[in-house]
Structure formats: structure tokens, C-alpha cells
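Undergrad: Okay, here's the structure, questions in a sec.
Each value in this text was obtained by applying a stated rule to the coordinates, not by laboratory testing. Values in this document were obtained by computation on a predicted structure and should not be read as measured data. Neighbour counts run over all protein chains shown; Cβ positions are idealised from the backbone, glycine included.
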Amino acid sequence: MLGSIRAEDGSFWLFGYGSLIWRPDFPYVERGPARLHGWSRRFWQGSHDHRGVPDAPGRVATLVRSAGAVCAGMAYRVAPEASERVLASLDHREKNGYERHVVELELAPARRVPSLLYLAAPGNFAWLGPAPLAAIARQIATARGPSGANVDYLLELDRALAALGERDAHVEALVASIGEAPASSTGAAS
Ligand code: SIN
């Protein structure tokens with residue numbers, strides 16, 4: 001799979017759209033804002049290991065196919081000599097239902113590159129799926145796991161998107177629903 005996305009020098013791009021935007025936690029040689037066309041970010045994936053526990057899972061971001069949608073995030077270029085180590089640590093970090101997936105990414109300024117991302121597809125063992133916004137917000141507001149409070153995941157993501165100058169209606173609606181002011185309305189985007 002990796003062979004198909006490696007650049008001539010052996011490096012490859014990885015797209016982060018959730019915690020991988022603000023806490024990459026792996027070595028990279030270059031990074032920059034990126035956009036993924038045809039996918040929407042949704043808090044439809046259960047977290048039993050990071051932002052929740054098996055009896056009370058949290059909700060974290062995944063991507064769902066959505067014609068015409070654009071998902072903004074961060075792209076990282078990983079050097080060939082680091083790739084095995086980086087992928088092993090990400091496979092472990094994203095083990096709660098995410099799998100490697102290849103997409104075409106738009107880097108800024110407009111440039112298309114093949115990229116890897118971690119996708120939690122519908123029906124995986126930790127999939128929670130859609131629910132009324134207020135119910136998702138309630139779950140996020142109360143869940144907590146080894147990586148911290150679920151609400152901090154949401155707020156960090158909201159801040160990171162605002163810092164990129166990007167908007168995500170689903171993220172902003174959740175932030176508003178738990179009673180916080182979205183970062184985009186508090187000047188954090190500047
Ligand atoms: C990602 O950030 O790209 C994957 C989901 C997560 O780790 O939050």
C-alpha cells in the first residue's frame with residue numbers, strides 16, 4: 001500500500017484530521033495545511049482507549065464520504081527512514097477501529113498528492129455512528145479516558161481548525177452545544 005504513495009525520494013504524506021492535527025507525536029520533515037475533497041469529519045467513532053473507557057466510550061473524529069464536502073486538516077511528510085517506526089506507532093495509537101487508507105490530498109497552494117490517513121469505517125468494532133447532536137455533545141461532555149477528557153479533544157480540534165483559518169460546521173455545532181464559544185468566534189483564528 002505504501003509503495004503506491006511514496007514519492008521518488010521514498011517519503012510519503014500522512015493526513016491528520018483529528019488529534020493528528022494538534023498532537024502529531026511523530027517525526028516529520030515537513031507539514032502544511034491540506035484539504036480532502038469528498039469527505040466530512042464526524043464524531044461518530046467510539047473511543048474506548050483514549051477519550052473514554054470500555055464501559056463509557058467517548059466520541060472522536062472519523063471521516064465519512066460526502067459528495068461536495070471538504071475536510072480541512074494537516075498534512076505531514078514522513079521521511080523514508082522514519083516510515084516504519086512512524087507507522088508502527090500510529091497503528092498502535094489508532095488501533096481502536098482505524099485502518100490505513102489512501103486518498104488524494106490537496107496541499108496548499110493547490111497541489112495534489114497521494115496520502116495516507118487513518119479511517120474508522122462504518123461498522124468497525126468501535127463505530128458509534130450518527131446520533132442527535134445534543135446526544136453526541138452530552139457524551140463528549142462527560143467521557144474521559146487515559147488521554148484525558150473527551151471535551152478537550154473537541155476543543156483542541158476546534159482551536160486547531162481556527163488556527164488554520166478553517167471552519168467545520170459539525171465541530172462548531174458540538175462546541176456550541178456543550179456551551180463553549182467556538183474558537184472561530186473568539187478571535188483564535190488570527
Ligand atoms: C486523525 O487525527 O487523523 C485520526 C483520528 C484521531 O487520531 O483523532
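Undergrad: Does region 75-91 contain any residue that is closer than 22 Å to Leu161 by Cβ, within 14 Å of the ligand (Cβ to nearest atom) and part of a strand (DSSP E or B)?
TA: yes
Undergrad: Here is a follow-up. Name the pairs: first residue in region 52-71 and over 23 Å from Ser147 (Cβ atoms), second residue in a strand (DSSP E or B) and among the acidic types (Asp, Glu), Cβ to Cβ under 6 Å, at least 6 apart or on different chains?
TA: none
Undergrad: Something else about it: Working only within region 50-65, note down all residues that are touching a Gly at 6+ places or on another chain (Cβ under 7 Å) and within 13 Å of the ligand (Cβ to nearest atom).
TA: Residues satisfying the conditions are His50, Arg51, Gly52, Gly58, Arg59, Val60, Ala61.
Undergrad: Which of the residues belonging to region 24-39 are within 14 Å of the ligand (Cβ to nearest atom) and in a loop (DSSP other than H, G, I, E, B)?
TA: Pro24, Asp25, Phe26, Tyr28
Undergrad: Could you check, for region 125-137, whether at least one of its residues is of a type outside the set (Lys, Arg), closer than 20 Å to Ser66 by Cβ and out of contact with any strand residue (DSSP E or B) (no Cβ under 9 Å at 6 or more places or on another chain)?
TA: Yes, that holds for at least one residue.
Undergrad: If I filter region 120-129 for residues that are within 12 Å of the ligand (Cβ to nearest atom), touching a Phe, Trp or Tyr at 6+ places or on another chain (Cβ under 8 Å) and not charged (D, E, K, R), do I get at least one hit?
TA: Taking every residue of region 120-129 in turn, at least one turns out to be within 12 Å of the ligand (Cβ to nearest atom), touching a Phe, Trp or Tyr at 6+ places or on another chain (Cβ under 8 Å) and not charged (D, E, K, R).
Undergrad: Considering region 8-23 alone, what residues qualify as being within 13 Å of Arg77 (Cα to Cα), in contact (Cβ under 8 Å) with a residue 24 or more places away in the chain and part of a loop (DSSP other than H, G, I, E, B)?
TA: Result: Asp9, Gly10, Ser11.
Undergrad: Does region 102-116 contain any residue that is under 23 Å from Gly3 (Cβ atoms), basic (Lys, Arg) and crowded, with 18+ Cβ neighbours inside 10 Å?
TA: Within region 102-116, none of the residues are under 23 Å from Gly3 (Cβ atoms), basic (Lys, Arg) and crowded, with 18+ Cβ neighbours inside 10 Å.
Undergrad: Consider region 40-61. How many of its residues are part of a strand (DSSP E or B) and more than 18 Å from Asp152 (Cβ to Cβ)?
TA: Residues in region 40-61 being part of a strand (DSSP E or B) and more than 18 Å from Asp152 (Cβ to Cβ): 3 in total.
Undergrad: Looking only at residues that are out of contact with any helix residue (DSSP H, G or I) (no Cβ under 8 Å at 6 or more places or on another chain) and part of a helix (DSSP H, G or I) in region 134-159, which one is nearest to the ligand (Cβ to nearest atom)?
TA: Only one residue tops the list, namely Asp152.
Undergrad: Next up: From the list Glu172, Glu180, Glu166, pick out the single residue that is more than 16 Å from the ligand (Cβ to nearest atom), in a loop (DSSP other than H, G, I, E, B) and not basic (Lys, Arg).
TA: Glu180
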